[in-house]
Amino acid sequence: MLAYTIYLSFAGALVLALWPRGRMRAARVFALAVALGGLAVGLAGFVAAGSQGAVAIADLAWVPAMGIHYTLAADGISRVLVLLTGLAAVAGILFSWNIGDKEGDRANEFFAFFLALIGGVYGVFLSVDLFLLFVFYEIAIVPKYFLIAIWGSTRREYGAMKLALYSFAGSAMVLIGLLAAYATAGSHTMNLHELAQYPFPVSFQMWAFPLVFTGFAILAGMWPFHTWAPTGHVAAPTAASMLLAGVVMKLGAYGCLRVAMTLFPHGLDPWGFSFLGIGSWRTVFALLAVIGIVYGAAVALVQNDFKFVIGYSSVSHMGLVLLGLLTLSQIGIDGAVLQMFSHGVLAGLLFATVGRIVYERTHTRDLGLLSKLQLGKAMPFAAWLFVIAGMASMGLPGFSGFVAEVQVLIGAWHAFPWFAVVAGVGIVVGVAYTWRAMQRAFFSDTPAVDSNGAAIAVPEYEPVTWAEKAGVILLAGTSLLIGLYPRLLLDAIEPAVRALPHALLMGGR
Amino acid sequence: MNSMNYGNLFAITLPETILEIVSLLVLIVDLGWLRKSAQAARMAVACWLGVLGCGGAIAWLMLHPEPVGIAGGALAASSLVAAAQIGILVLSALVLLLSVRVEFSRNPGEFVAIVLLATTGMLLVTAARDLLVIFVALELLSLSLYVLTAFAKSSAQSSEAALKYYLFGGMSAALMLFGFSYLYGLTGTTSLTGIAAALASQSVSPLLVVALVMVAAGLGFKVAAVPFHLWAPDTYQGAPAPVTALIASGSKVASFAVLIAVTGAFLPAAYAGQGASWIVVLVWMAAGSIVLGNLAALAQTSVRRLLAYSAIAHAGYMLLGIAAHTAQSGAAVLYYALTYALTTVGAFGVIALVERETGSDRFDAFAGLSRRNPLLAATMLLYLLSLAGIPPLVGFWAKFNLFASVLRSPSAGVWGLGLVALALGASAVSLYYYLQVLKRIYVAKPAQVEPIAVSSLEMATLVLIAAAVVVLGLLPSVLSGWIPLG
Amino acid sequence: MTPWLTIVTAVPAGAAVVALLAGNRAVAARSVAIVAAFGSLVLAFWIWLGVGPVGSGGQMKFVERAEWVPGLGIEYHLGVDGLGALMVLLAAIVSLMAIAASRKVASQPGLYFALILLLESGLFGTFTALNFFHWFLFWELSLIPAFFLIKLWGGEGRGPAATQFFVYTMVGSVALLLAFLALFVATGSMDFERLAQMAATGELAAAIQLHLGPIALWLALAVLLGFAVKVPLMPFHTWLPATYSKAPTPVTMLLTGAMSKMGVYGLLRLALPIFGAQLAQVRTPLLVLAVLTVVAGAWAAAVQKDLKRVFAYSSVNHLGYCLLAIFAVALPSSNAAVQLSQTAALDGVVLQMFNHGLTAAAIFWFLSMLEERSGGPLGVHDFGGLRKPAPVFCGLMGIALFSSLGLPGLNGFVSEFLIFRGVFPLTWLSATVSVLGLLITAAVILTVIQRVFSGPLPERWKAFPDLTVGERVAVAPALLLMGVLGLAPQLVLGTVNATVMHLLAGWRF
């Protein structure tokens, strides 16, 4: 049943591509309906499955001569991420509600690309055949390019191209690894579970693992391959940023877990020698993840463009996800998956606030300029929304981020104590940059005077639309709900993590 | 000497014969009855006759797939050969359909006849298994193509391109013939199987190496591989669009088919160890093509030249498959060649239409195409993404199949992996320049906003090709009856 | 069983939402707030009564327990003993006083009262929590409204003051969080009662040593830091004067009346039970700091020029006695006399928390009335001879001031007496030096009385309006309570003593 998320989205995209010109208002309603349908299916599937293990969905022979099948299944992790995708999709469409307002805006194309991207993402999360997973992964690349290049803002063509090329390069790396694995295992299956059981020689895993992991980690925004993320997020229109930071980066992390770590668990083993204290790929990538946490936070601290602050904060949060995955422990991976969900929702909320609610009205993202606008008084809804979203993003207890971060830190402490400490520092810096951005943008003490010293009156802005309110309630409510009752998700995640290959979880406590 | 079973020979070469007869028919009809008619009508009649001829040949091949070597092994007929030939005929038919409304020629009958002659050459090349037959067929093909390249008599570019093509091609043909003569000298036979057997018992001599290099030169020229690629950008740019489509599609398929056969001959099982030098030559050509093709394409501002350099790159990928020299990789190369050719015909069809409207093939001419003719833009989107290797289009599948077969060949090893890595990396680079074109089409604002008019025949042809690109990408098994996968 | 504790925490939170909806209608918002605060007071009193009279044994009452996130040891565990119930009552009283004092809110009254109610909810949550996650959740939850109350409605220079407040408290919070995460890693539990049990039997130290190494003392210090910032303990007090003086006075009432008690409560509920042995190790330096707080706090109060700052430092001094007693109590001994002194000292601490909260809130209330009438400035030398135009005002304020001074017959005396009664035998040197604090405080208070109430009456105050009937009625209950508790402390002391004895019995130093 969950497969209908994929089919609905692609069908919707196709219909929208052929939508008659001049009926743009109807187009966005249609897109919203499709996204809601996807969310409903995802939610129903999630609830119906409860805390079961993997739920098989489809299995058709595709190219039997090569062992490629159209196989879909969803374990707890996939179900959680499908839910996230549904939420992000609905919220994204709500926050793009005004795309069709202007003449010649080609809203139907926007929503068509959007839904195609969503369909691809659903597909990745539900695929069990690696070829199929790769196909969906690649399908997601092209709509991203067009969404940013056509409807984006700052340096959109550059940002779009960079994003597309980085993603494609990452996927090329993954393909090499997949092809090598396929060939080594006898070339008769591409099924994830069957390949996972094949005893690849350790020497093979030692190079295949870092290759495939890096390929996916590029999309997850791992340092130092993260540079596409801030540029891309800033260039993208709000809905695309929400999707990019919220869901697409999770594709990378999901791939790291589902493909790299599951197929080649022995790639994480110690090398037998150590260089400056680094003795395994696991340590290498954990180090890169931790650097990403701190670097992302530190750079976010000095940004003057509001959207860049959020963009770099995404890099920092994804570093935490990757660190959690590499702890190879139940609690660490639980935390990583929960963080994927939490950050997905929160990143969407933050980009929505900055990009849509603030930028649409003030037409600037410069913190210096915003600090003169007394937005705390002029846009109280946006200000308080950012306070809540910022607090959640900081990891305040009561919101979804806290439990996830605690779990990752505990897992990291068992595996890499020093990294856990540094990660903790990064989280604290996270408090600082969120604080700074919030202060400067909304509650600044800068006197509201222009360059001549004359007082600037509190500007009047358009009121918050119902669509924006709905989107906000959806996302903020979800974060609060999960923050107060994380069992809703953990009950599905924990069995799925326990079911990961034994060789993987043996690496940690 | 065996007596020729002429009945058999006739049966085997019936497709070529059909084409020959139809080409003569076209000439007669055009120069005889339609001399006084309007240009457009003459072209239409000639093209449709040509399409019918191709159709007849296809029908014959599909009804009579007989795997039997003939004429002392001069020609082969197997399901793979039949598949390649059917593919070539389909490509030529598509090119003819896209030529119905061309205006560069006042001699439609000749045009179509020479196209059919070229197609005949392609069919023969695909089936040939004897050095002399290969040479004759290649010459038939090449000479026809030289003439076709010059067909736009009012365009200086066309003549210049044809001259370059001819000079380069003539030189390569001469080199190849020279190489063939050395091979004959070394082995005493012109049949590929005979050569294989004779080489098995010889060691590598400098003469053999020279012969191999020269043959490589000749064949490398046909497929536009580095370093024999210099003719490609100018020719692709100067020739009239349908001719470029033909050069880029059918000619490529035929050339790769003969490369597969020749490689098979130079590497009989017992000779495998000493055949390494041929493999090394192929690998260098492949790597060079991949690198140079992609890098040079990055700098282009003319879509035709961009596609020319990308053709060099694609030739590089296919050469990797040939270097792997297994039965599977051969089939994979053929699959790749056919699907690539199909996509290229579509792409040049779109280019032809844009050129007709705007007069140029530079990036700016494509600006805002998505607003001027959304369906046309959509087909170009599909073609270019397929060339880049984006799923779920056929280009991705072809690449996957090809690289999988390369890695599975027993002699792949670390080098094979490295080359596949190079190819995939280059594919990532290629996305950049394909996106550049797509960016113009979808993102940029058009200079003029009038819609681009396209006849329903042309649109139908392009949509058919696009549909095939998508369907074959989603269901690759459709072709597996003819070209085995896996 | 009715979940009274959940209800009392939820009532202000729910009312906060309602107040928010009132928006700019000041009267409606204030009414909602007063009704909610009054309702909470009734509930808090009901809970106090329910904890029981003398002889109930001092165990936890109104216990609520439910599973929350078992994987992280997080439980929904609430309960109150005498200490908790008294604090809940105090929080309710002080909140009501603060709301009553907020008569003229400059802007966005709905938001203002919503934040105060949210703060009250945070206080209730902290005082009733028995699991770290819940406790920390509300600890942080009270921080955010406090920050915004200072930032948006404070006086000149409020921005930096608010930020300083936030940063200091955040640093302390992070230290607390890290310490408790470490405890979780070592013991698998976040439950206060369980951890206290483990500490008493020595299991805790062993577990920490096993899993984390010899860092038990560092953990204790980290926890101490968190509370030291809140109370505050010198030298972590530097945020206080600026914050107290720049905040709107009703908010200062809350800060000094209730929020500072969160720190002392934390020491009693978390630090002493769980880290008693470690605190005993560093007892002497801590005593020095406590004495410093007492004496320096009083001295600093003496030299201030602004009335609010005088009483800010005076608060530091008064809570210094609590700290003195708490650190003095950390003495391993099985001597009956020592235990008696420990009991007396802790009785004094608990009582002092309540008394000082009440008194300080009352004093600042009077200061706010002074502020309203004077139009702003509150310098020590700005007033004089107010006895003539406003005798009732001076009389009533005098009562509060004398209670702060420790006049026998008023509540302040009893608690200070008990503290010294207990501390003297435990550490006579510290106690002796601290007496200086008493003397200096006396001098300060008397000086204030003299400067403000008596002396020459400046022209501008000739028409100083006295307290209106409404104001007298509003203030009277608090003052009455001071008198009642001064004359009949056993009303409260009985329950408190039972609780303290029960607690002490379970602690090991």
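Where a number appears in this text, it was derived from the coordinates with a stated rule and is not lab data. Bear in mind the structure is a predicted one, so any value in this text is a computation, not a measurement. Please note: Cβ atoms are built from the backbone with ideal geometry, for glycine as well, and neighbour counts cover all protein chains shown.
Fewest Cβ neighbours within 10 Å first, please rank B:C47, C:C394 accordingly.
On the way: B:C47 26, C:C394 22.
Neighbour counts put them in this order, fewest first: C:C394, B:C47.
Comparing Cα centroids, the range C:1-56 and the range C:144-171 end up 25 angstrom apart.
The fewest-to-most ranking of C:S404, B:S172, C:S260 by surrounding Cβ atoms within 10 Å reads B:S172, C:S260, C:S404.
Convex hull volume per residue, computed on the Cα atoms of the range B:159-236, equals 87 Å³. Would you please state the base-10 log of I(q)/I(0) at q = 0.15 1/Å for the range B:284-432, with intensities from the Debye formula using one equal scatterer on every alpha carbon? Normalising to I(0) and taking log10 leaves -0.74. Size descriptors for the range C:282-509, from the alpha-carbon set: Rg then Dmax equal 18.9, 64 Å. Taking 7 Å steps out from each Cα toward its Cβ at B:V449 and C:A488 produces label points 8.9 nm apart. With neighbours defined as other Cβ atoms within 10 Å of a residue's Cβ, the residues C:K151, B:K153, A:K144, C:K230 order from fewest to most as B:K153, C:K151, A:K144, C:K230.
Per residue, the average separation of C-alpha pairs within less than 8 Å and at least 6 apart gives chain B a relative contact order of 14 percent. The distance from the alpha carbon centre of the range B:368-434 to that of the range B:306-365 is 10 Å, rounded to a whole number.
Using only Cα coordinates, the Kirkwood hydrodynamic radius of chain B works out to 22.5 Å.
Of the complete DSSP H runs in chain B, those spanning 27 angstrom or more by Cα along the long axis with a mean Kyte-Doolittle score not below 1.6 are B:79-98, B:108-127, B:276-298.
What whole-number value in cubic angstrom gives the convex hull volume per residue for the C-alpha atoms of chain A? Present the calculation step by step, with values, prior to reporting the outcome.
On the way: hull volume 66.6 nm³, N = 509.
Hull volume normalised by residue count: 131 Å³.
May I ask you to work out the translational diffusion coefficient for chain C at 37 °C, viscosity 0.692 mPa s, via Stokes-Einstein with Rh from the Kirkwood sum over Cα pairs, reported in whole µm²/s?
Working: Rh = 22.7 Å.
Answer from the Stokes-Einstein relation: 144 µm²/s.
Between the amide H of A:T71 and those of A:L60, A:V128, A:D129, distances stay under 5 Å, these residues lying 5 or more places away or on another chain, with hydrogens modeled in the peptide plane. Structural descriptor for chain C: relative contact order 16 percent, calculated from alpha carbon pairs under 8 angstrom and at least 6 residues apart. Counting Lys and Arg as +1 and Asp and Glu as -1 over every other residue whose Cβ lies under 12 Å from the Cβ of C:L268, the net charge comes to 0.
Net charge of the neighbourhood of C:V171, taken over other residues with C-beta under 14 Å away and scored Lys/Arg +1, Asp/Glu -1, is 0.
Output needed for the protein assembly as shown: three equivalent-ellipsoid semi-axes, defined as square roots of 5 times the C-alpha gyration tensor eigenvalues, in descending order, whole Å.
On the way: eigenvalues 1354, 228, 108 Å².
Ellipsoid half-lengths, sorted descending, are 82, 34, 23 Å.
Which value, in nm² and rounded to one decimal, describes the direction-averaged projected area of the C-alpha convex hull of the range C:294-378? It would help to have the intermediate numbers written out before the result.
Details: hull surface 23.6 nm².
Taking a quarter of the hull surface, the average projection is 5.9 nm².
Over chain A, Cα pairs under 8 Å with separation of 6+ residues give a relative contact order of 16 percent.
Reducing the range C:385-451 and the range A:295-334 to their Cα centroids gives an inter-centroid distance of 53 Å. Taking other residues whose beta carbon is less than 15 angstrom from the beta carbon of B:A118, and scoring Lys, Arg as +1 and Asp, Glu as -1, yields -2. Dividing the helix sum by the residues of the protein assembly as shown, where each DSSP H run of 4 or more adds -39500 (n - 2.57), gives a mean residue ellipticity at 222 nm of -23500 deg cm²/dmol.
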